[in-house]
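Undergrad: What follows is a structure written as structure tokens; I'll ask about it next.
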């Protein structure tokens, strides 16, 4: 029986779906449930990782330290993991997190910018942490480019590299092509992180495993930005059906969903038109609100703006371009 | 560009999710929206098809005739389709439906019982209808058996044959194996109908197309029994991304979802524990309530009952066995 390692991101990526407002007590309770269910690794914190709590990314209910302190007490077996996006979080943030028993850090960069994570990986390895390179918006780069960036992470000393479909924009063939290219380029375990904007989170995760991924992400009830992530309890059931061992007890994780996660959800995790537009356009989730405002102002369709932003391969921080795109679309409409 | 025909089942399979309570006016309005969006075929009626409105299957708000009369006026281009499950609906029901401009009938049987649909297919063909064989619970039979039953439908004169994953229990490899076996056995177009209980409705639909299916089902917002069907607007987006032509305008069908379907939904279409249990067990959806009652009475887990019912390949009508299974499980627990 092949083993698949599952990293649970409910208490990190799922925070996007609750405006980062879980209390440390809620997190601790959910983490204890996951731990008892056999979850291998639990990622914790603001949706944008260490240092994410800010005016720009939204303030979380509590600080990184408060969350980590609560979780550290609640978890007996599972590894505690943090996400670190260089530019949002710092090495100092990681150093502080380490004092709470964090065992794993995922260093997340844009798919073409692994180099900005070099020192973070190196620092983590020097201090005995597991360090995972996490290539966000992987749909924006062709397989060979993703593989090249994975090799960079390997050269910094990473223990594993993730292909991350941040916008939920990939189809199974695209996932397979990227995982295969990375597998041929590096010797490390390969991970895959999905979003469900095109309804393909579970399907893409299976495609990734088929192509050689051995670490995959999920969130209980699919809690996450946009249409959410791969629904963990569903993934556990499917992996069992296919003969993979995740170490997670199916009934226990279903119970965590019903008893602990559902009560804290602000909205059902469905594929809304907005989430679908993001996935179809392959655009940054945070562009949505800006696009809707610009659409109204210039009398164009927000979906057309998002598609054009995706086509231009724009990344977080380039929100200013949305107005330009809206004006261009309005002109085209008139002529 | 390859063409994929999409049959919309929102106003038939989706009726399960609204306890068959749509009014003819609501149906007409939604059908008009779909028609304008370019939907090729619209299936209409009680969730269990012609004659489904009954004490056993639940009464629908209006009669088959009232629904069909309203739809016939609302639809300009799309083909109107009805589902006929021999034993629930009759040839007389079909004859009555034909007077409202029905162009297509899907004759639905258990995957191993195509023969009970022989006369219905023959009647439909004799009267100039398009007739599609619809093999329900296809996960319960191995690929060669599904292919054998598809050949039977072909021999009766069917225009196409569907592989139907009624319990949302299949994984992509199982779908491919069945579609491939059917493709090798018959010359007709092959259809695929998915449910999302394992989060694989879209992924399985793509697997079916890859294996040779050219007709696929969807429902707007995924409206349907259990975790629902393949979400149509998501499917349209994914097909566009992959270069398939469905004839459906993406923005228009998204708008139908937001403006016409969301307002009539009774609950969000998510993967609940109950839906997941059905998909994982490969059991009849209608077993769920019985299993939950028996579980409480005998102090066992409803999920174990469903899994055992699936393992025994029980079919609709065998609800009595649920008590036996519960008793067996309770005994095993004690010993």
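Any read-out appearing in this document is the output of simple, stated calculations on the displayed coordinates, not a laboratory observation. Note that the structure is a prediction, hence the values are computed from the model and not measured. Using ideal geometry, Cβ is built from the backbone for each residue, glycine included, and neighbour counts are taken over all protein chains shown.
Undergrad: Which distances, in nm and shortest first, link the residue A:296 label point to the same label point in every other copy, taking 7 Å along Cα→Cβ?
TA: 4.6
Undergrad: Distances from residue B:127 to the same residue in each other copy, label points 7 Å out along Cα→Cβ, in nm, shortest first?
TA: Inter-copy label distances (nm, one decimal, shortest first): 7.6.
Undergrad: What do you get for the angle between helix A:201-211 and the principal long axis of chain A? Use alpha-carbon atoms, 0 to 90 degrees, nearest ten.
TA: In chain A, helix A:201-211 runs at an angle near 70 degrees to the longest axis.
Undergrad: So what's the angle, to the nearest 10 degrees on a 0 to 90 scale, between helix A:232-241 and the longest Cα principal axis of chain A?
TA: 70 degrees
Undergrad: Per the Kirkwood formula on distinct C-alpha pairs, the Rh of region A:137-235 is how many angstrom?
TA: The answer is 13.0 Å.
Undergrad: What value, in deg cm²/dmol to 500, does the helix sum -39500 (n - 2.57) over DSSP H runs of n ≥ 4 give at 222 nm once divided by the residues of the protein assembly as shown?
TA: -13000 deg cm²/dmol
Undergrad: Moving to a separate point now. Restricting to chain B, what percent of DSSP beta bridges are antiparallel, rounded to 5?
TA: 5 percent
Undergrad: Ratio to report: Rg/Rh of region A:176-335, with Cα atoms as the point set and Rh obtained by the Kirkwood method; give two decimals.
TA: Rounded to two decimals, Rg over Rh is 1.07.
Undergrad: Report, in whole Å, the centroid distance computed from the Cα atoms of region A:139-164 and region B:19-85.
TA: Each part's Cα centre sits 50 Å from the other's.
Undergrad: OK, next. Once the Cβ-Cβ distance between residue A:59 and residue B:127 is put in as r, and R0 is 56 Å, what FRET efficiency do you end up with, to the nearest 0.05?
TA: 0.25
Undergrad: Can you work out the FRET efficiency for the pair residue A:259 and residue B:148, with r the C-beta to C-beta distance and R0 = 51 Å, to the nearest 0.05?
TA: The pair residue A:259/residue B:148 has a calculated efficiency of 0.65.
Undergrad: Shifting gears a bit: Mind sorting A:171, B:82 by how few other Cβ atoms lie within 10 Å of their own Cβ, fewest first?
TA: Taking fewest neighbouring Cβ atoms as first place, the list is A:171, B:82.
Undergrad: Mean-square fluctuation check for chain A, GNM, Cα pairs under 10 Å: which of A:273, A:229, A:204 is largest?
TA: Residue with maximal mean-square fluctuation among A:273, A:229, A:204: A:273.
Undergrad: Expressed as an acute angle from 0 to 90° and rounded to the nearest 10, what is the orientation of the C-alpha long axis of helix B:287-298 relative to the principal long axis of chain B?
TA: It works out to around 20 degrees.
Undergrad: With a cut-off of 8 Å between alpha carbons and a minimum separation of six or more residues, what is the relative contact order of chain A in percent?
TA: Relative contact order for chain A comes out at 16 percent.
Undergrad: Suppose we consider the axis relating copy B to copy A; can you name the residue of B with the nearest Cβ and state that distance in angstrom as an integer?
TA: Taking Cβ atoms only, the nearest residue and its distance are B:203, 1.
Undergrad: Which whole number in µm²/s is D for chain B by Stokes-Einstein, with the Kirkwood Rh taken over Cα pairs at 4 °C and 1.567 mPa s?
TA: The diffusion coefficient I find is 65 µm²/s.
Undergrad: Right, another one. Return a whole-number percent for the relative contact order of region A:283-334, with Cα pairs under 8 Å and 6 or more residues apart as the contact set.
TA: So the answer I get is 44 percent.
Undergrad: Give me a single rounded figure for A:255-266: the average over its residues of other chain Cβ atoms within 10 Å of their Cβ.
TA: 1
Undergrad: Then there's this: Size of region B:283-334 along its principal axes in angstrom, Cα-based, largest extent first?
TA: 29, 18, 16
Undergrad: Over all directions, how big on average is the projection of the convex hull of the alpha-carbon atoms in region B:47-96, in square nanometres?
TA: 3.7 nm²
Undergrad: I'd like the distance between the alpha-carbon centres of region A:217-279 and region B:177-195, rounded to an integer number of Å.
TA: 30 Å
Undergrad: Please identify, among A:24, A:143, A:268, the residue showing maximal mean-square fluctuation in a Gaussian network model of chain A using a 10 angstrom Cα cutoff.
TA: For chain A, modelled as a Gaussian network with Cα springs under 10 Å, the answer is A:268.
Undergrad: GNM, chain A, Cα, under 10 Å: largest mean-square fluctuation among A:282, A:133, A:317?
TA: Comparing A:282, A:133, A:317 in a Gaussian network model of chain A, the most mobile one is A:317.
Undergrad: Take every DSSP beta bridge with both residues inside the protein assembly as shown and express the antiparallel ones as a percent of the total, to the nearest 5.
TA: Bridges in the protein assembly as shown are about 5 percent antiparallel.
Undergrad: Report the semi-axes of the equivalent ellipsoid for the protein assembly as shown in whole Å, largest first, where each axis is √(5λ) for an eigenvalue λ of the Cα gyration tensor.
TA: Ellipsoid half-lengths, sorted descending, are 43, 29, 22 Å.
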